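The values are calculated or read from the model by the stated rules, or taken from the named source; none is laboratory data. Being a predicted model, the structure only gives us computed values, none of them experimental. Cβ placement follows ideal geometry from the backbone for every residue including glycine, while neighbour counts extend to all protein chains displayed. Ligands, DNA and RNA are stripped out before the accessible areas are found, and what is left, the full protein with its side chains, is counted by its heavy atoms. Shrake-Rupley method; radii C 1.70, N 1.55, O 1.52, S 1.80 Å.
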Amino acid sequence: MASQPVDFHSGAPIDLDLSVEWMDGSGLNEPLVQVHALDEHTYILRQSLKTHYEGPFVFLLLGNTGALMIDSGATSDEETWPLRHFVDEIITDWLVAHPAPSYSLTVAHSHGHGDHIAGDVQFSNRARTSVVPASLEGVKSFFGFTNWPNETVSFDLGGRILRVIAGPGHEEAATLFYDPWTGILFTGDTVYPGRLYVVDMFAYIATLDRAITVMAEVPVSYLLGCHIEMSSTPGQDHPLGSLSHPGEAPMPMRPGQLLTLRERAVEIAHVPGVYKFDDVIIYNGKAVVDDYLNPSSGTEGGSD
Ligand SMILES: [Zn+2]
């Protein structure tokens, strides 16, 4: 059965309704995974805070020849984090409506920390699937960066051509993804309503500048990051390790918040410390981040 390819250009960016009630670990009968379709080609999956306190978000974007998954969650266990099951189901259903031979899946990451890559193993034996190595060399070579971090490159899902923005600052191999179909800039742990752990502030500011350059060139509707840690009370976060987040702040952020964040980052760049704002808390400096995430050991680490 022949089918017309989906036209990802006309009408883009589409209108989005992001007024989703995200499960926050406080409901008795919450599922292990919350699956939300933004439209039939775009999915957001949230891991339950009950199975990992990071409660990360995973994104699945479908194009005519393949799909991209951004991140794979904080745990590997398919019983408590059945990511593969849901992703296979979404892709299978999509292919019923839009048959395509040799449909591929790329598993990429916002960055290489454990709470974003632990589910990779669920996809290691999947047919026509590439898992992008989370290392800096792996990211550069997979996406074809030749002038990292001073560039953006494109990644084509078949008529849905994403921009991949080099994004070091939180982590050296971080990337941001811009999707013209939804107008969403996927910002990983670089920008989200929570604790922004910045280990290299000057790299971070340069990353924000690259995002701002993209925002000047294309319509950006929302920034979607990979966690929610702020509460609905301005400046107040849910403590690290909480298995429920009653009253979370909204997950989507607006482009203007990134501009404001950039101004604040420049102001504090030279003075390591913790800076609380209404919508985010910035941890500036590797020692500050390490001290917060591993107060006893004083060593490198932290899964976030
Ligand atoms: Zn994280």
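Below, the figures for the structure above:
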{"read-out": "Computed over the chain: relative contact order in percent, which uses C-alpha pairs under 8 Å that are six or more apart", "value": "16"}
{"read-out": "³J(HN,Hα) computed for each position of segment 154-163 - Karplus, 6.51 cos²θ - 1.76 cosθ + 1.60, integer Hz, glycine/proline x", "value": "10, 9, 9, 9, x, x, 10, 9, 8, 9"}
{"read-out": "Cα pair count fraction exceeding 25 Å, expressed as % - segment 135-244", "value": "25"}
{"read-out": "Burial ranking of peptide ranges 160-168, 223-231 (average Cβ count within 10 Å, highest at the top)", "value": "223-231, 160-168"}
{"read-out": "Cα centroid separation - segment 61-75 against segment 225-285, whole Å", "value": "26"}
{"read-out": "FRET efficiency, residue 276 to residue 89 (Cβ-Cβ, R0 51 Å, nearest 0.05)", "value": "0.80"}
{"read-out": "Relative packing of peptides 132-139, 70-77 - highest average C-beta neighbours within 10 Å first", "value": "70-77, 132-139"}
{"read-out": "Accessible area expressed per residue, segment 163-238, with surrounding protein chains retained (probe 1.4 Å, Å²)", "value": "23"}
{"read-out": "All aspartates and glutamates inside 12 Å of residue 50 as judged from Cα atoms, apart from same-chain residues fewer than 8 positions distant", "value": "24, 30"}
{"read-out": "Along principal axes, Cα extents of the chain, largest first, whole Å", "value": "61, 45, 35"}
{"read-out": "Hits among lysines - C-alpha to C-alpha of residue 286 under 21 Å, sequence gap 8 or more where chains match", "value": "276"}
{"read-out": "Under-5 Å amide H pairs with residue 231, H placed in peptide plane, nonlocal only", "value": "236, 237, 238, 249"}
{"read-out": "Portion, in percent, of the accessible area of the chain that falls on carbon or sulfur, probe 1.4 Å", "value": "53"}
{"read-out": "Sum of -39500 (n - 2.57) over DSSP H runs of 4+, divided by residues of the chain (222 nm, nearest 500)", "value": "-6500 deg cm²/dmol"}
{"read-out": "FRET efficiency, 1/(1 + (r/R0)^6) with R0 35 Å, evaluated for residue 77 and residue 137 via beta carbons", "value": "0.75"}
